[in-house]
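See below for the structure under consideration.
Read the figures in this text as sums done on the coordinates, not as results from a lab. Please read all numbers here as calculations on a predicted model, not as lab measurements. With ideal geometry, Cβ positions are generated from the backbone for all residues, glycine too; neighbour counts draw on all protein chains shown.
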């Protein structure tokens, strides 16, 4: 207990100070933590040492829960299953095959191996394109139930409900176990800390904030989640292996659903998405539980339950932010967290899309595309082609199917029939991130950004596909293609690189999303009402940028717009959609003079605009 | 023949247990993990009636009323801030389940207890004998289903509730007090859970954690049935039936996993589950 309390303020302060001299401070904190752990066995009573070993290992699993849930937003009940797998790998092999250096290594490898395979299967089940977050949670809930029931039904082999105990294990003193478990936790926390603050770690937060936008900047979200789950499973399995080796007992409860929820409780109370919070939360709660449950067994659990509900309802960020604020006030320190970190802007080495377009194809070909919901036909027989440098506007009254058509071009799963070719690649039924690889970039109708990421972080996420980010460090420079840079400079976003997106105005968010899409270096740009809700000067600015993009960068731009004045000023060609069909496909002049267009825009003067 | 009756009665029991969870999920888009706690409350209400020496039938209205009141309190105190955070709502309601379980443990104790059944004995049916109480539960499930259907389709409250289900923002814009709809829905869900808890206790026993295994099965059934009462019935029959078959021809522990595993697989292959949509 003394140990955990001593560690709390140190770590709390550390989380606030780190940011600039990150690595040095991290090393200092780790050093202090290791010193405290080294001294632990000499100053603490034996039962306390025992309790803390277990708490260290639980905290390691809680850390993986925090990375999955706190950072990435995957509410998981299943990490206990991987802990149990690691523990049973040791228990089963030591009981049935015997103990020895070879068997010890075999058990570790087997535990990690099985956990990795199970995690891959669970990940494949839980995270597919279009899966709801609730479904992922359902699967992680099923996993521990299945694993613990299998253990229950294993008869003498798994020891059924009483588990396995009394097997031989490493013959090392309890102090050594304390140091092993403690070092394991400290090293793991340090690596996790570096990882979540690295450029790659920001992708986790981006997924939590806006999974759809991640897919549309070319990130294979499902694969990221599966990889993350596999790594977290392996870590939990190692913790379970150490647990079985030191306690020399395993039971189905350690793989069960209730333990899985207990991990969530520790993480929630400590503070999700803070790493240090869940670690300290686990240490404090587990040690005090083993203390207090002797004296007030049921009352203590009741108190935990109350605290859990109160924290979830009133303090979703847990107790860590409160402690941090208190420490900051105590030492009079300012918040030096990541928010004001602004990288230097560089020009990227552009990687022009190497499509098949040179062979005489066109940037975008839409052939007989249909979309229907049941018997309702939203699009029918849509057929057109668009070349590079063309600025093609899609107009039509509300419900004409404009946005639906955009969706069908950027996501292979959307259309009900027909073919879409991007730079002569058939998009088949490929998900959005694969379509991005064929050169498409889509900007949504309402600004679709990552609310809690800074402008610079959001732009870097958009560069993920072309410039893979570092797993451990944060780059000093941010390299962007010319077009993206132009948007940022013209709108003044370059002066707000360290600002979180949620503090930007509506127009700035629109500009940020456009800059993110352009950072993908697309050759086909889909823009859904990019000027909706913008002022006249902002609109002129965006219009100028778009014509520049088409002219200087040979982009094929497909624009959905209601403002016909705007359309007339910048388009090179116009397609009129009406009730899911192409009504007219021609130059601006042809469309503006068309009698037909005037009638469908409810008899108004089409040329004067703003009809819908 | 007995197997068929087993399937039918198991499905009916599952239906009664899951109905409360379904209406809360359908209207509020929230998974109520305190559902297991409410089932336990119902079980103990039945125990209370037995202890008082009253006619066991009293446990039905009594459990419903107690559950309803618990639901009212919890909706006001805990649920309101969580409507916009569905994943957090799962956690908070799980915490509530812990609280309910611990309060019962503190008040009544942890030991397993038994409840008197309102109907005892067997009924001769189609050339065999079968537990009368289990058959009665089929009737109860039908009554619950009809009751909810009438409430939704035959009353003004039901009309308003359906409006909230389809488009809550629009409903609010039209002057519907969606807060009140949520309040009544959650309380009703809690009442139904408690009622189901009272109904299932004569079949087994009462202990403070009796709700958890039921909760998991009910949760999975609701997940595969979308938000429709009809598809819930289908899901209960198909998955409950599979459970009975696996338990009797295979192994009871695997049987306990049947619903959970099948539901997960069904959802992976067909995200809309048993609903038509």
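Structure notes:
- Average beta carbon contacts from partner chains per residue of B:207-216, 10 Å cutoff: 1
- Per residue convex hull volume, Cα atoms of the range A:465-582, in Å³: 140 Å³
- With a Förster radius of 35 Å applied to the C-beta separation of residue B:51 and residue B:159, the computed FRET efficiency comes to 0.25.
- D_trans [Stokes-Einstein, Kirkwood Rh over alpha-carbon pairs] for chain B, 10 °C, 1.306 mPa s, µm² s⁻¹: 83 µm²/s
- Normalising the average separation of contacting C-alpha pairs (under 8 angstrom, six or more residues apart) by the number of residues puts the relative contact order of chain A at 17 percent.
- Cα-based helix-to-principal-axis angle, A:506-519 vs chain A, degrees rounded to 10: 90 degrees
- Rg [Å, one decimal], Dmax [Å, integer] - the range A:447-521, C-alpha atoms: 11.4, 34
- With the simple spin-label model, which puts each label point 7 Å out from Cα in the Cβ direction, the residue A:466 to residue A:505 separation comes to 2.8 nm.
- For chain A, the Rg and Dmax computed from alpha carbons only, in angstrom: 28.6, 92
- When peptides B:68-77, B:257-266, A:250-259 are ranked by their average number of other Cβ atoms within 10 Å per residue, the highest-first order is A:250-259, B:257-266, B:68-77.
- Value in Å of the Kirkwood radius, where the range B:62-106 supplies the Cα pairs that are averaged: 11.4 Å
- Shown is the FRET efficiency for residue A:428 and residue A:475, computed with R0 = 41 Å from the Cβ-Cβ distance and rounded to the nearest 0.05: 0.75.
- Working from label points 7 Å from Cα in the Cα-to-Cβ sense, the residue B:265 to residue A:97 distance is 3.0 nm.
- Size descriptor, Kirkwood hydrodynamic radius, that averages inverse alpha-carbon separations across the range A:172-212, Å: 12.1 Å
- Peptide-level mean, for A:310-318, of C-beta atoms on other protein chains within 10 Å: 4
- With a Förster radius of 30 Å applied to the C-beta separation of residue A:25 and residue A:322, the computed FRET efficiency comes to 0.85.
- Degrees, to the nearest 10: A:133-152 long Cα axis against longest axis of chain A: 30 degrees
- The range A:27-156: relative contact order in percent, alpha carbon pairs under 8 Å with at least 6 residues between: 25 percent
- Extending 7 Å from the Cα toward the beta-carbon at both residue A:331 and residue A:416 defines two label points whose distance is 6.3 nm.
- The range B:65-191: relative contact order as a whole-number percent, Cα under 8 Å and 6+ apart: 41 percent
- Cα Rg over Rh - the range A:58-122, Kirkwood: 1.07
- Dimensions of the range B:153-277 based on its C-alpha atoms, expressed as ranges along the principal axes with the largest first, amount to 55, 37, 23 Å.
- At 1.567 mPa s and 4 °C, Stokes D of the range B:1-144 from Kirkwood alpha-carbon radius, µm² per second: 76 µm²/s
- Residue-averaged [θ]222 nm for the protein assembly as shown, counting only DSSP H segments that reach four residues, each worth -39500 (n - 2.57): -20000 deg cm²/dmol
- Ranked packing of A:559-565, A:477-483, most packed first, by mean Cβ within 10 Å: A:559-565, A:477-483
- For the protein assembly as shown, the share of DSSP beta bridges that are antiparallel, to the nearest 5, is 55%.
- Amide N of the range B:6-40 lying under 17 Å from the label point, which is placed 7 angstrom from the Cα of residue B:142 along Cα→Cβ: B:6-16
- Nearest 10 degrees, 0 to 90: helix A:320-331 Cα axis against chain A principal axis: 80 degrees
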